[in-house]
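The values are calculated or read from the model by the stated rules, or taken from the named source; none is laboratory data. Quick caveat, the model's predicted, so the values are computed rather than measured. With ideal geometry, Cβ positions are generated from the backbone for all residues, glycine too; neighbour counts draw on all protein chains shown. Calculation scope for accessible area: heavy atoms of the full protein, side chains included, ligands and nucleic acids excluded. Shrake-Rupley method; radii C 1.70, N 1.55, O 1.52, S 1.80 Å.
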Amino acid sequence: MANPHALIEGVAISSYAIRSSFAVIYVRGEIVHVIRRLQQAVLDAYAAGHLGKDIAGSGFDLDVVVHAGSGAYICGEETALLDSLEGYRGQPRLRPPFPATHGLYASPTVVNNVESIASVPAIVLGGAQWFSSMGTEKSKGFTLYSLSGHVKNPGQYEAPLGITLRQLLDLSGGMREGRTLKFWTPGGSSTPLLTEAHLDVPLDYEGVAAAGSMLGTKALQCFDDTTCVVRAVLRWTEFYAHESCGKCTPCREGTYWMVQILQRLEAGTGTEDDLATLLDTCDNIFGRSFCALGDGATSPIVSGLELFREEFLAHVTGAGCPFDPVASTVFAPAGTSA
Amino acid sequence: MALTDQTRAEMREIIARYPKPRSALLPMLHLAQSEEGHVSPEGIAMCAEELGLTKAEVGAVATFYTMYRRRPAGEYHVGICTNTLCAVLGGDEIMASVKEHLGIGHNETTEDGRLSLEHVECNAACDYAPVVMVNWEFYDNQTPATVRDLVDGCRAGTPPPPTRGPSTLCTFKQVSRVLAGFPDGRANEGVQAGPATLVGLELAKERGDRAPAMSTTDKDA
Ligand code: SF4
Ligand code: FES
């Protein structure tokens, strides 16, 4: 699992498929030990003759560069990544033209996430039939589910697409002792929140979409009944405000103001009208932003209000947060109650 | 510390890695930071000269990315994850306790220049929450007490090793050099994949779960 050679091999095969002689692994900069391992793996691959000039006598050349980002979440958006890689501020480009025709240096470019590329060697080896014998009818194959939060055994679980959270929790030991699942994200904070009612939703693209959310990154963040949803939503919104690249007004201004509103709600100085203002602001961001980050910023707010309106209201009428933040920590003394 | 001819030569090495020179700008800024602990006007000027850009063009890029510091960072730069998952699992308590312990706040440096503090957004290690970074190395599953020990160790010049990664902690400048694309040869040290990374794999082995066998005959063309 810490071995990047599946990725390097996938990069080589994919580059060969599109006859590209230059590939970049763009990786966020804040995870240095991962970058070291990638650098080493690329060096090893050159030394073994799997990269470089005339690979294995094929006449095919490929250079691979490991490129460390510099702290900008938006560079996960493919066109922002390309701008960043060209040495500019990482802000999304207008599409079309799409990277497939006008990508890096305005040349045809394939941009994929590393999980997709790393699955290429196994697919080439096993064949399409083998790969599609796993998963569900429309979502084929396997993927990594990343379980985190108030669960007994957080971590990475590889499984066929379509497994449910209930199955994953059963397999992995469930929620922490004496607590119940309150809400969870199927794919990180940009995917609308789900609850216990969604434990049996197949975690494939269609299943999660039918439940009103999105599969996204498969970052299954699970929160138990000690967690305040207003606090969770505020933090996510602060994240989007921080990571908004500033290119378009709805996202840049909207996320800023939504943070102000959520802060006063958490502090107990909000009003019921604030809830309407939040939804109205989301309405003006969603579908009016330049890229998916703005849309994603509305997910936790809209879904949080839909599922837990009473809890938001309790912050208004009860003058502040009714939860004890210590009870939600991993080092909470036994018996602390929410 | 002033930038040297050596820095300039290494900037040219970075430029040579890319089909177009300007692609080298981000790693060049990491390199400048590895010499000076932050991106100084001098660092910006050198990048601009080497790439044939104006200082304003380089400055506009440098200020967009949060990892470039405009003021000197501490030798040990502590980032505490306070995005939702870590915050809820204890990151907020850790941040509060470290602030009090060190007497500095977000984006501040201790007087001795040893330590700077920042709260960071999700560092892609939610399965190890609460997570604390020092010089962008992982300290997993932290508590207020372990982080107080961690920062005390940093100030005394004897930081504990990261949970994953090299067997001793690098300085901010050393790490910035790796980010500029100059490997430090320490990739194979220490813990590679932590327990949470492997938990699914171990479980599958225990249960005898495997992917279906690959057939050697009916492989698609
Ligand atoms: S939606 Fe946000 S991140 Fe995307 S382009 Fe607009 S400001 Fe930038
Ligand atoms: S929220 Fe801290 S690592 Fe993800």
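Would you be able to say whether some residue in region B:42-61 is part of a helix (DSSP H, G or I), acidic (Asp, Glu) and closer than 21 Å to residue B:115 by Cα? Outline the logic, then answer.
Initial filter on region B:42-61 (part of a helix (DSSP H, G or I)): B:42-51, B:55-61.
Those left that are additionally acidic (Asp, Glu): B:42, B:49-50, B:57.
So of that shortlist, the ones also closer than 21 Å to residue B:115 by Cα come out as none.
No: zero hits.
What's the total number of residues in region B:74-108 that are crowded, with 20+ Cβ neighbours inside 10 Å, under 30 Å from residue B:42 (Cβ atoms) and of a type in the set (A, V, I, L, M, F, W, C)?
The total comes to 2.
Does residue A:169 count as closer than 19 Å to residue B:127 by Cα, among the aliphatic types (A, V, I, L, M) and at pLDDT 95 or above?
Numbers: closer than 19 Å to residue B:127 by Cα: yes; among the aliphatic types (A, V, I, L, M): yes; at pLDDT 95 or above: yes.
Yes: the conditions hold for residue A:169.
So which residues in region A:144-171 are part of a strand (DSSP E or B) and of a type in the set (Asp, Glu), if there are any at all? Break it down into steps so the answer makes sense when it comes.
Of the residues in region A:144-171, the ones part of a strand (DSSP E or B) are A:144-149, A:151, A:155-160.
Selection gives A:158 alone.
List the pairs whose first member sits in region B:82-107 and is farther than 13 Å from residue B:126 by Cβ, whose second member is open to solvent by 10 Å² or more (accessible area, probe 1.4 Å) and assigned to a helix (DSSP H, G or I), and whose Cβ atoms are under 6 Å apart, counting only residues at least 6 apart or on separate chains?
Taking only residues 6 or more apart or on different chains, the pairs are B:93/B:144; B:94/B:144; B:97/B:144; B:101/B:148; B:105/B:99.
For residues in region A:150-181 being within 11 Å of chain B (Cβ to nearest Cβ) and farther than 26 Å from residue A:119 by Cβ, which is least open to solvent (accessible area, probe 1.4 Å)?
Among those that are within 11 Å of chain B (Cβ to nearest Cβ) and farther than 26 Å from residue A:119 by Cβ, it is A:150.
Report whether or not residue A:185 is more than 20 Å from residue B:89 (Cα to Cα), of a type in the set (S, T, N, Q) and open to solvent by less than 10 Å² (accessible area, probe 1.4 Å). Please lay out each step first, then the result.
Values: more than 20 Å from residue B:89 (Cα to Cα): no; of a type in the set (S, T, N, Q): yes; open to solvent by less than 10 Å² (accessible area, probe 1.4 Å): yes.
Considered against the rule, which asks whether it is more than 20 Å from residue B:89 (Cα to Cα), of a type in the set (S, T, N, Q) and open to solvent by less than 10 Å² (accessible area, probe 1.4 Å), residue A:185 comes out as no.
From the list A:226, A:255, A:217, which one is surrounded by 24 or more Cβ atoms within 10 Å (Cβ to Cβ) and in contact (Cβ under 8 Å) with a residue 24 or more places away in the chain? Before you say what the answer is, go through the steps one by one.
Details: A:226 fails: surrounded by 24 or more Cβ atoms within 10 Å (Cβ to Cβ); A:217 fails: surrounded by 24 or more Cβ atoms within 10 Å (Cβ to Cβ).
After applying the criteria, what remains is A:255.
Does residue A:83 count as within 30 Å of residue A:296 (Cα to Cα), part of a helix (DSSP H, G or I) and of a type outside the set (Val, Ile, Thr)? Please lay out each step first, then the result.
Values: within 30 Å of residue A:296 (Cα to Cα): yes; part of a helix (DSSP H, G or I): yes; of a type outside the set (Val, Ile, Thr): yes.
So residue A:83 fits the description; yes.
Find the helices (runs of 4 or more DSSP H) located wholly in region B:129-221 whose residues include 3 or more that are crowded, with 16+ Cβ neighbours inside 10 Å and more than 7 Å from chain A (Cβ to nearest Cβ), and list them.
On the way: elements: B:144-155, B:172-179, B:195-207.
Where helices (runs of 4 or more DSSP H) fall fully within region B:129-221 and carry at least 3 residues being crowded, with 16+ Cβ neighbours inside 10 Å and more than 7 Å from chain A (Cβ to nearest Cβ), they are B:144-155, B:172-179.
From the list A:105, A:88, pick out the single residue that is more than 16 Å from ligand 2 (Cβ to nearest atom), assigned to a loop (DSSP other than H, G, I, E, B) and at the interface with another protein chain (Cβ under 7 Å from one of its Cβ atoms).
A:88
Just to be sure I understand the filter: pairs with C-beta atoms under 6 Å, separated by 6 or more residues or on different chains, first member in region A:1-12 and within 13 Å of chain B (Cβ to nearest Cβ), second member of a type in the set (S, T, N, Q). Which pairs pass?
From region A:1-12, the pairs are A:1/B:197; A:2/B:192.
Please find, within region B:117-128, the residue that is nearest to residue A:330 (Cα to Cα) out of those that are out of contact with any Phe, Trp or Tyr (no Cβ under 9 Å at 6 or more places or on another chain), open to solvent by 20 Å² or more (accessible area, probe 1.4 Å) and within 8 Å of chain A (Cβ to nearest Cβ). Write out each step before concluding.
First pass over region B:117-128, keeping only residues out of contact with any Phe, Trp or Tyr (no Cβ under 9 Å at 6 or more places or on another chain): B:117-120, B:124, B:126-127.
Filter again for open to solvent by 20 Å² or more (accessible area, probe 1.4 Å), leaving B:118-119, B:124, B:126.
The next check asks that each one be within 8 Å of chain A (Cβ to nearest Cβ); those that pass are B:124, B:126.
Numbers: B:124: 18, B:126: 13 Å.
The residue in question is B:126.
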